[in-house]
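K.L.:
Attaching a single structure in structure tokens format; questions to follow.
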Amino acid sequence: MGETIAIMNQKGGCGKTTTVVNLATSLAVMGKSVLIVDMDPQANATTSFGIDKTDLEYTIYSAISGEVSIKKTTFPTFIQNLYIIPSNISLSGVGVELSKLENYHIILKDLLADVKDLFDYILIDLPPSLGIITINGLVASDTVIIPIQAEYYALEGVADLINTIDLVENRLNSPTPIKGILLTLYDTRTRLSKDVHEELLKYFGGKEKLFKTVIPRNIRLAEAPSHGKPCIIYDYESPGTEAYINLAQEILDMENKEA
């Protein structure tokens, strides 16, 4: 059975979707079968693969609403081994609909049970909020990756993020261990980036929860989505591409140690 990983942060602009898209692509290029589940109504993960979000017959909302099966919403990307369940603005009201259901928090988990055995990794791109969609994503996941940008204010939201994960574990009896904290938008030229890194080390009590890989602030990573391509396809030799390949390898190494 594969591993389902939620990528979450309640703050926008932290490189969350960039991480989903480029980590998934890197794992796929390394021979792993990967599924991206776009749970953000903004659908940035969807458009990052050149998919027109306004011209989709089926999306993740189609499965949540019971219109079709989850397999019907799963589409191959142009990258071998990589599939996506796309999203669009129709997902924006799903929180209200789910809140009316008794077992609202396990809807996504139940849906993904039908496809989990088909993939080595399922990466869930969650919206920048701590609402019902995020809770569903956490309950459906085995672990969580938290991207944090190398900026001072990013540190202020860490406690809220950890509290939400703990809340899901305690109240819904659904533990989702932190697979790792990923420092993003790191600028080696600034003292601030180094200070944030040091603060994260202090907060989490050591390096065990911080990925060794650090994602740099890189113009090619920022440009790639506008071309409908992951960075590894847009510019294979960019520092951003190298960083996400290193992150994918780090995750595979973690898997091998646990085996």
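K.L.:
Can we say Asn173 is open to solvent by 20 Å² or more (accessible area, probe 1.4 Å) and outside any loop (DSSP other than H, G, I, E, B)?
P.N.:
No, not satisfied.
K.L.:
Limited to the range 45-72, what total is found for residues that are out of contact with any Pro (no Cβ under 9 Å at 6 or more places or on another chain), part of a loop (DSSP other than H, G, I, E, B) and touching a residue at least 40 places away in the same chain (Cβ under 8 Å)?
P.N.:
Number satisfying all stated conditions: 2.
K.L.:
Of everything in the range 147-170, what is within 19 Å of the chain's Cα centre (by Cα) and either part of a strand (DSSP E or B) or among the polar types (S, T, N, Q) (or both)? Give them in sequence order.
P.N.:
Pro147, Ile148, Gln149, Asn163, Thr164
K.L.:
Condition first: free of Cβ contacts under 8 Å to residues at least 60 places away in the same chain and either over 18 Å from Tyr61 (Cβ atoms) or assigned to a loop (DSSP other than H, G, I, E, B) (or both). Now tell me which residues in the range 108-121 satisfy that.
P.N.:
Ala113, Asp114
K.L.:
Looking for whichever is more than 22 Å from Lys11 (Cα to Cα) and within 18 Å of the chain's Cα centre (by Cα) here; the options are Lys100, Lys116. Which one fits?
P.N.:
Just a single option satisfies the conditions, and that option is Lys116.
K.L.:
Being farther than 14 Å from Thr4 by Cα, surrounded by fewer than 20 Cβ atoms within 10 Å (Cβ to Cβ) and of a type outside the set (Phe, Trp, Tyr) is the requirement here; does Asp142 meet it?
P.N.:
Taking the combined requirement at face value, the residue does not satisfy it.
K.L.:
Follow-up. Out of (1) farther than 28 Å from Glu237 by Cα; (2) open to solvent by 10 Å² or more (accessible area, probe 1.4 Å); (3) at pLDDT 95 or above; (4) among the polar types (S, T, N, Q), the odd one out for Thr4 is which?
P.N.:
It is condition (2) that Thr4 fails.
K.L.:
Still on this structure, please answer the following. Please work out if Ile124 is under 21 Å from Leu167 (Cβ atoms) and either assigned to a helix (DSSP H, G or I) or basic (Lys, Arg) (or both).
P.N.:
In short, no.
K.L.:
When you scan the range 85-103, do you find a residue that is at pLDDT 95 or above, closer than 27 Å to Asn246 by Cα and either out of contact with any Leu (no Cβ under 7 Å at 6 or more places or on another chain) or crowded, with 22+ Cβ neighbours inside 10 Å (or both), even just one?
P.N.:
Checked the range 85-103: at least one residue is at pLDDT 95 or above, closer than 27 Å to Asn246 by Cα and either out of contact with any Leu (no Cβ under 7 Å at 6 or more places or on another chain) or crowded, with 22+ Cβ neighbours inside 10 Å (or both).
K.L.:
May I ask you to list pairs of residues, at least six apart or on different chains, whose Cβ atoms are under 9 Å apart, with the first in the range 83-107 being more than 20 Å from Val20 (Cα to Cα) and the second being open to solvent by 60 Å² or more (accessible area, probe 1.4 Å) and at pLDDT below 85?
P.N.:
Sorted first by the residue in the range 83-107, then by its partner, the pairs are Tyr104/Glu97; Ile107/Leu101.
The values are calculated or read from the model by the stated rules, or taken from the named source; none is laboratory data. Quick caveat, the model's predicted, so the values are computed rather than measured. FYI the Cβ positions are ideal-geometry reconstructions off the backbone, even for glycines, and counts take in every protein chain you see. Ligands, DNA and RNA are excluded from the accessible area calculation, which covers all protein heavy atoms including side chains. Shrake-Rupley method; radii C 1.70, N 1.55, O 1.52, S 1.80 Å.
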